[in-house]
Amino acid sequence: MNQKNNLDFAFTKQNYILLLVGVALICAGLLLMIGGGSDDPTIFSDKIFDSQRLALAPILIALGFIVEIFAIMHKPKDK
């Protein structure tokens, strides 16, 4: 009775690496959105309109979600 317990997992190591890259991109985008506020609520701060918060951070978050979708849908080639 040499039955080999062959478990076929849905994800491979490459899928998990891509998932971690996607999470890292999303976290980086969210971290770039932090800050820009003023300590005194009566004083307006122009820091909230920085291009880092308005362009770069949302692009990173969108790329992170695209990588996540690709990581979930990616099927490795059979050897």
Discussion item. What do you get for the angle between helix 57-73 and the principal long axis of the chain? Use alpha-carbon atoms, 0 to 90 degrees, nearest ten.
Written reply: 10 degrees
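Just from its helices, what would the mean residue ellipticity at 222 nm be for the chain, if runs of 4 or more DSSP H residues each count -39500 (n - 2.57) and the sum is divided by every residue, rounded to the nearest 500 deg cm²/dmol? Intermediate values should be presented prior to the final figure.
Working: 2 runs with 37 residues, N = 79.
Helices in the chain give a 222 nm mean residue ellipticity of -16000 deg cm²/dmol.
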Item to complete: Would you count, across the chain, every pair of lysines whose alpha carbons are under 30 angstrom apart, provided the pair is eight or more residues apart or spans two chains?
Response: 7
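How fast does the chain diffuse by Stokes-Einstein, in µm²/s, taking the Kirkwood radius from C-alpha pairs at 25 °C and 0.890 mPa s?
For the chosen part, D equals 158 µm²/s.
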Practice prompt. Let me know the charge dipole size of the chain about its Cα centre in debye, to the nearest 20, where only the beta-carbon of Lys, Arg (+1) and Asp, Glu (-1) is charged.
Written response: 660 debye
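With Cβ to Cβ distances under 15 Å as the rule, what net charge do the other residues near Ser45 carry (K, R +1; D, E -1)?
Values: positive: Lys47, Arg53; negative: Asp39, Asp40, Asp46, Asp50.
Taking every other residue near Ser45 into account, the sum is -2.
Readers should treat all values here as calculations from the given coordinates under stated rules, not as data from a laboratory. Computed from a predicted model, the values in this text were never measured in an experiment. Note that each Cβ is placed from the backbone with ideal geometry, even for glycine, and that neighbours are counted across all protein chains shown.
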